[in-house]
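One structure is given below, encoded as structure tokens.
The values are calculated or read from the model by the stated rules, or taken from the named source; none is laboratory data. Everything quoted here is computed from the prediction, not taken from an experiment. Here Cβ is always computed from backbone atoms with ideal geometry, including for glycine, and neighbour counts include all displayed protein chains. We work out accessible area using only protein heavy atoms, side chains counted, and drop any ligands, DNA or RNA first. Shrake-Rupley method; radii C 1.70, N 1.55, O 1.52, S 1.80 Å.
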Amino acid sequence: MTKGGMESVEVFTAEGKGRGLRAQKEFLPGDVIFAEPAYAAVVFDSLTHIICHTCFKRQERLHRCGQCKFAYYCDRTCQRAAWLDHKNECSAIKRHGKVPTENIRLAARIMWKMEREGSGLAEGCLVSIDDLQNHVDNFGEEEKKELHTDVESFLEFWPPQSQQFGMQYISHIFGVINCNGFTLSDQRGLQAVGVGIFPNLCQVNHDCWPNCTVIFNNGNHEAVRSMFHTQMRIELRALSKISPGDELTVSYVDFLNVSEERRKQLKKQYYFDCTCEHCKKQIKDDLMLAVKGENKPSAETVKEVIQFSKDTLEKINKARLEGVYHEVVRLCRECLKKQEPVLGETNLYLLRILSIASEVLSYLQMFEEAADYAKRMIDGYLKIYHPNNAQLGMAVMRAGVTHWHAGLIEAGHGMICKAYAILLVTHGPSHPITKDLEVMRVQTEMELRMFQQNEFMYYKMREAALKNQKIQVMPEPTNETSPSLFHKKE
């Protein structure tokens, strides 16, 4: 596992992009190209007491480290697995008297590992931490100020008996974290819970229409015999057929944005100009800016509706933060009324409002209206996203569950099957999300058969089941979109 299949890829110099990775053999959709454990990883400051510090799973009851009273674990297995990385952190927290921020904790873990193993190539790594890009020279004034604060805090936290590193080197490590920190999610893949450094993954360049995807796998420590345990890791998985010699690419940003906006985001966060085919030729921009066909609205009307949509999205964010979900629904309905006569069905502003409306209405258990919006959202997404996009798969899954709750069993089952097919490629059959989907697929298939045999009986049984059983509440909407690939300070 440590090697993680690195023999099937090689580092090369990609034209105009610096280093990259390319395939040494053929891969088919769903193949794991390589798996890589984290060089170092930490849980976000706000979640340290509800997420296991070893496998990053969200758990109801966690064991706390008796020494520092800071670290939490699923069980003794996770606690033992963490000790090598936690040992120095544990005594440093006790000595310091308080817990530093996630950035400081991650930098310290990286440097303690270097102290133990040296700064050369770690086992299974194609590059060393020293060789990763830090982009410190590209930092703006604000970022330089943050870097200075981080370095000062680090020096206060770093124990005097540990190996001492120079200021420039410490700055390099913070720069590496800033542009290479990978977002770690909980076992359901729905919430970003931490950040880690994966040196091999850092070699994979960006493309807005990539041939690979990265999935975080929390591993499995539940088997009785430890030989069946698997460690926390990322998996680079093929989305389409890849031939030997092809460059491997992933997307650093969500595709659901016009090319100009994606390029701005990439320049601001990752300091490069995207030259991928989809950006150069502005592919799919026309769909994302689509307006109604027959009697084309005037440019002035379109501009007005887009501005109204942007203003509404700001108000929605505020209402979501305050947990006023009925206000979110009111704002969505009002915005959709303005958008519908003007914007096309694939317009990204219409899709954003449909996505929020369906999610919040599902949470409020207004499933029929939610299902209508979810269906329109999915129809738009299917025309825009890569057919094996992980975010598309998750969205189709949520829409399928919404239809199922609304009693629309045929459409619900169809969407759950579609989502399952996508997630088999992006997440693989053993991922917890795919396993959940498999259970739903079997359940909805059974209900669909019952529905086809006797519609009246199906609805009677459904009614009785809902009376006896509290309907499953959808997760409370968060202000986060699905976790982005790399963890960036906003």
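Out of all the residues in segment 306-350, which are among the small types (Gly, Ala, Ser) and over 21 Å from Glu369 (Cβ atoms)?
Restricting attention to segment 306-350, the residues satisfying the condition of being among the small types (Gly, Ala, Ser) are 309, 319, 323, 344.
Passing the criteria: only Gly344.
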Fill in the blank from the handout: Of the residues in segment 94-118, those that are among the basic types (Lys, Arg), under 26 Å from Leu47 (Cα atoms) and open to solvent by 40 Å² or more (accessible area, probe 1.4 Å) come to Lys94, Arg95, Lys98
Problem - Sole exception among (1) in a helix (DSSP H, G or I); (2) in contact with a Phe, Trp or Tyr (Cβ under 6 Å, 6 or more places away or on another chain) for Val99, by number - result: (1)
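Of the residues that make up segment 141-160, is at least one in a helix (DSSP H, G or I) and within 22 Å of Ile234 (Cβ to Cβ)?
Of segment 141-160, the ones in a helix (DSSP H, G or I) are 141-157.
The next check asks that each one be within 22 Å of Ile234 (Cβ to Cβ); those that pass are none.
No, every residue in segment 141-160 fails to be in a helix (DSSP H, G or I) and within 22 Å of Ile234 (Cβ to Cβ).
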Problem - Boolean, Lys144 is over 20 Å from Ala41 (Cα atoms) and surrounded by fewer than 15 Cβ atoms within 10 Å (Cβ to Cβ) - result: yes
Exercise for the section: Mind listing whichever residues of segment 391-429 are over 30 Å from Glu455 (Cα atoms), open to solvent by 10 Å² or more (accessible area, probe 1.4 Å) and free of Cβ contacts under 8 Å to residues at least 40 places away in the same chain? Expected result: Pro429
Practice task
Tell me, please, whether a residue that is closer than 30 Å to His431 by Cβ, at pLDDT below 95 and open to solvent by 80 Å² or more (accessible area, probe 1.4 Å) can be found in segment 229-240.
Solution key: no
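Looking at Val250, Val151, Val176, can you tell me which residue is under 19 Å from Val425 (Cβ atoms) and open to solvent by less than 40 Å² (accessible area, probe 1.4 Å)?
Val250
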Problem - Residue among Val176, Val204, Val195 that alone is touching an Asp or Glu at 6+ places or on another chain (Cβ under 8 Å) and in contact (Cβ under 8 Å) with a residue 12 or more places away in the chain - result: Val195
Fill in the blank from the handout: From the option list Leu121, Leu132, single residue qualifying as under 23 Å from Leu21 (Cβ atoms) and either without any contact (Cβ under 8 Å) to a residue 40 or more places away in the chain or open to solvent by 30 Å² or more (accessible area, probe 1.4 Å) (or both) is Leu121
Fill in the blank from the handout: Within segment 76-93, residues being closer than 15 Å to Met232 by Cα, crowded, with 16+ Cβ neighbours inside 10 Å and among the charged types (D, E, K, R) number 1
Exercise for the section: Could you grab the pairs with beta carbons closer than 7 Å, sequence gap of 6+ or different chains, first residue in segment 450-461 and in contact (Cβ under 8 Å) with a residue 40 or more places away in the chain, second one of a type in the set (Val, Ile, Thr)? Expected result: Phe451/Ile409
Practice task
Please work out which residue is farthest from Gln231 (Cα to Cα), limiting yourself to segment 13-51 and to residues that are outside any loop (DSSP other than H, G, I, E, B) and free of Cβ contacts under 8 Å to residues at least 12 places away in the same chain.
Solution key: Thr13
Completion exercise
When Ala223 is run through (1) surrounded by fewer than 21 Cβ atoms within 10 Å (Cβ to Cβ); (2) within 21 Å of Lys57 (Cβ to Cβ); (3) at pLDDT 90 or above; (4) among the small types (Gly, Ala, Ser), the failure sits at (3)
Handout entry: Lone unmet requirement of (1) open to solvent by less than 40 Å² (accessible area, probe 1.4 Å); (2) among the aliphatic types (A, V, I, L, M); (3) over 23 Å from the mean Cα position of the chain (by Cα); (4) at pLDDT 90 or above for Val11
Key = (1)
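Please return the ranges of helices (runs of 4 or more DSSP H) entirely within segment 273-390 where 2 or more residues are touching a helix residue (DSSP H, G or I) at 6+ places or on another chain (Cβ under 6 Å) and open to solvent by 30 Å² or more (accessible area, probe 1.4 Å). Can you show your working first?
Details: elements: 277-280, 285-288, 299-321, 325-339, 348-363, 367-384.
Output list reads 299-321, 325-339, 348-363, 367-384.
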Problem - Test for Ala108: is it over 30 Å from Asp246 (Cα atoms), touching an Asp or Glu at 6+ places or on another chain (Cβ under 7 Å) and touching a residue at least 24 places away in the same chain (Cβ under 8 Å) - result: yes
